[in-house]
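In what follows, a structure is listed as structure tokens, so that the remarks can point back to it.
All of the numbers you see were taken from the coordinates with simple rules; none came from a lab. Everything quoted here is computed from the prediction, not taken from an experiment. Note that each Cβ is placed from the backbone with ideal geometry, even for glycine, and that neighbours are counted across all protein chains shown.
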């Protein structure tokens, strides 16, 4: 079974045109000139302070709404279903 899979893979590679293989293999990135050329994704901030504040406010509002809805469901549940 493994030999069949290997044969199919090799046949696919041999029958594929060379430009298709070149597209499948991503080119390597050029070497960075310094450590600051590659930013740390954890420290990069996108958007302005106002944008982040509105987003955080929206998330907190959604979380509060979901928590309140869950509390209403628990209170409204019949005694035997808990």
For this session: Could you check the simple spin-label distance between residue 72 and residue 44, using points 7 Å along Cα→Cβ, in nm with one decimal?
Result: 4.1 nm
Problem set entry | Residues 75, 56 arranged by fewest to most Cβ contacts within 10 Å | 75, 56
Exercise. To the nearest 0.05, what FRET efficiency results for residue 56 and residue 79 with a Förster distance of 41 Å applied to their C-beta separation?
Worked result: 0.60
